[in-house]
Amino acid sequence: MVVINLLEALRRIAEHARLPEQFAALARHVDAIEYSAKHEIDLPADLESIDERLSSVRETLETRQLNR
């Protein structure tokens, strides 16, 4: 649950990012969370929820970068 909430927070922050450095920092955090989740979480249902959130954050980052 903590990972999901952290990803949701990063998605909300991504909605306000404007600078390339901000996008890069957010992407690094998302990548780190993904790496940790894949190595620490064993339940398939939890991983599926995390994957959905990861996709959402990355989509928001991509959309914001294109529209800045």
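What the table below lists for this structure:
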read-out	value
Cβ charges +1 (Lys, Arg) and -1 (Asp, Glu), total dipole of the chain, debye	460 debye
GNM flexibility winner over the chain from 16, 29, 39 (Cα, springs under 10 Å)	39
The chain - mean residue ellipticity at 222 nm from DSSP helices (-39,500 (n - 2.57) per run, n ≥ 4, rounded to 500)	-28500 deg cm²/dmol
Leading residue at positive end of dipole, the chain (Cβ point charges), from 43, 29, 67	67
Solvent exposure of the chain as accessible area per residue, Å², 1.4 Å probe	70 Å²
In range of the label at residue 8: residues from the stretch 27-68 whose backbone nitrogen is under 12 Å from the point 7 Å along Cα→Cβ	53
For the chain: rounded, prolate or oblate by the Cα gyration tensor [a/c cutoff 1.5]	prolate
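The values are calculated or read from the model by the stated rules, or taken from the named source; none is laboratory data. Since the structure is predicted, the reported quantities are computational estimates derived from the model, not experimental observations. Cβ: placed from backbone, ideal geometry, glycine included. Neighbour counts: every protein chain shown. SASA here: full protein model, heavy atoms, side chains in, ligands and nucleic acids out. Shrake-Rupley method; radii C 1.70, N 1.55, O 1.52, S 1.80 Å.
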